[in-house]
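Structure, as structure tokens:
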Amino acid sequence: MRKKLRMSTVKIKFRPSSVEGREGTIFFQIIKNRKVRQIYTEYHVFPEEWDHQRNTLAFRHNSLRSGILLAIRERLRCDMARINRIIRMLDQGNMTYEADDIVVEFEAYSRQYTVFNYMESLITKMKCNHKTGTADTYRSALNSFKKFREGTDLLLDCISADTMERYEAWLSDRGIIPNTISFYMRILRATYNRAVEEDIIEDRRPFRHVYTGVDKTVKRALPLPDIGRIKNMNLTFSPSLDYARDMFMMSFYLRGMSFVDMAFLRKSDLREGYITYRRRKTGRMLIIAWTKEMQTILDKYPQSDSGYLLPIIRNETSNRHNTYRNAAYNINRSLKKIGKKMRLTGNITMYVARHSWASAAKSKGIPLGVISEGMGHDSETTTRIYLASLETSVVDTANSLIISSI
């Protein structure tokens, strides 16, 4: 392999071991302005596996090391592409540079632009920008990919279609459902695309053969009679279950409000009989009429000194994100116990409250456009079909109809 770019020449060379029978080392030779520098690699092959005339790997039929040699060839291709990319960037900078500069840039790239390091840098930026939820999803995907790689990092430009197909198979073999596999793939794809946008790598479309869609899932909704049973359960002697039931019902009353939005509702969001807030997921503003059922739950719990409305985050100085996550975990665990007491099939979670409100609204013949508006959906497929906004009173009337049916 040989590439000449504006007086810069790159060759792949092989240096045999000084010890007979040992593997030799493959390295890159860079020549610039008659100065020669080397970049040594971690790839080692035997002398008979190297074609000295063509300066490339020599493959033997039925060799037991064919798989190893193929992997080395692919990594050499990535390294060569990276060196040539560095040379192009240095040439475009219209600045004088030497072979040493190419080596320095290559080594810096190899340290900084690995998958693990690059994702860690993105996670740190997200946390600094208070996008802790997104940072958590990236952390989850990174941890999964690290397990697949058994802790061995790889460079961003070495992510290939084969790598992602093997990762997909690895996840599937461990019983991971398609939607979760897609979740990890979409995060890794977003990471890869960002590196492409930042001109760190060139797009080789490594995700073209793996699943990145979203399967339709079974709607986890409870019928109104079961919602009524949960509401009327006597949980006086089980405070944790009572609290979980109250938060579940509050979500239902608030038109299936997500738990994260409930947790971060401010006292100032409730004024003149209405809750006004923005969905954390979409940024869309929603207005909900405050009802006596909601006030009854709120009155059960002493008001904290924090600025939050509901008894979820009680301390402004605490790590609010961790407090919210711990509360969600404990509430969902308690809801699971409630479901067992009621002998319901499937687990009850806070997310079930959201699905249940939508299901109840549909069962009452409420138009899908009203349901979409009431839940603050921001789906393009929904907004193309239905009006962009509806009168708040229409949605509140729908909510009152549902609450009175319990």
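The values are calculated or read from the model by the stated rules, or taken from the named source; none is laboratory data. Predicted model, so just to flag it, every value in this text is computed and none were measured. Cβ atoms come from the backbone with ideal geometry, glycine included; neighbour counts cover every protein chain shown. Quick note on the areas: whole protein, heavy atoms, side chains included, nothing else; ligands and nucleic acids left out. Shrake-Rupley method; radii C 1.70, N 1.55, O 1.52, S 1.80 Å.
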Of the cross-linked pairs Lys292/Lys340; Lys341/Lys364; Lys231/Lys300; Lys300/Lys364, which ones have a Cα-Cα span greater than 20 Å in the structure shown? Lys292/Lys340; Lys341/Lys364; Lys300/Lys364
Expressed as a whole-number percentage, the relative contact order of the chain with C-alpha contacts under 8 angstrom and at least six residues apart is 10 percent
Accessible surface of region 192-350 [probe 1.4 Å, protein heavy atoms]: carbon and sulfur percent: 48 percent
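Leaving ligands, DNA and RNA out of it, rank Arg333, Arg111 by accessible area with a 1.4 Å probe, largest first.
Working: Arg333 125, Arg111 155 Å².
Solvent-accessible surface, decreasing: Arg111, Arg333.
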Projected label distance in nm at Asn319 and Met7, using a 7 Å step from Cα toward the beta-carbon: 5.5 nm
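Which whole-number percentage describes the relative contact order of region 1-99, with Cα contacts under 8 Å and a sequence gap of 6 or more?
On the way: 136 pairs, mean separation 24.1, N = 99.
Relative contact order for region 1-99 comes out at 24 percent.
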Subtract the Cα-Cα distance of Met89 and Tyr301 from 0.36 nm times their separation in residues, and report this length gain in nm to one decimal. 70.1 nm
Return the FRET efficiency for the residue pair Gln112, Leu368: r is the Cβ-Cβ distance, R0 is 30 Å, and the value is rounded to the nearest 0.05. 0.05
Helix axis angle, 239-253 relative to the chain longest principal axis, alpha carbon, degrees: 90 degrees
Of the accessible area of region 64-179, with the probe set at 1.4 angstrom, what percent is carbon plus sulfur? 53 percent
How about region 290-375: which GluC sites (Glu not before Pro) there are in a DSSP loop, with at most 16 other Cβ atoms within 10 Å of their Cβ? Glu316
Zone reached by a paramagnetic label modelled 7 Å from Arg333 Cα along Cα→Cβ, restricted to region 239-274 with backbone N below 11 Å, covers none
Here the FRET efficiency for Arg34 versus Asn129, based on Cβ atoms and R0 = 60 Å and rounded to 0.05, is 0.80
Could you tell me which chymotrypsin sites (Phe, Trp or Tyr not before Pro) in region 234-332 are loop residues by DSSP with no more than 11 other beta carbons within 10 angstrom of their beta carbon? Phe237
Extension length gain for His44 and Ile68 (0.36 nm per residue less Cα distance), in nm, is 7.6 nm
19 Å Cα-Cα reach of Lys125 towards lysines, excluding residues that sit fewer than 8 places from it in its own chain: Lys281
Gain in length, Val104 to Lys231, computed as 0.36 nm per residue apart minus the alpha-carbon separation, to one decimal in nm? 39.1 nm
Might you tell me the accessible area per residue for the chain, computed with a 1.4 Å probe and given in Å²? 56 Å²
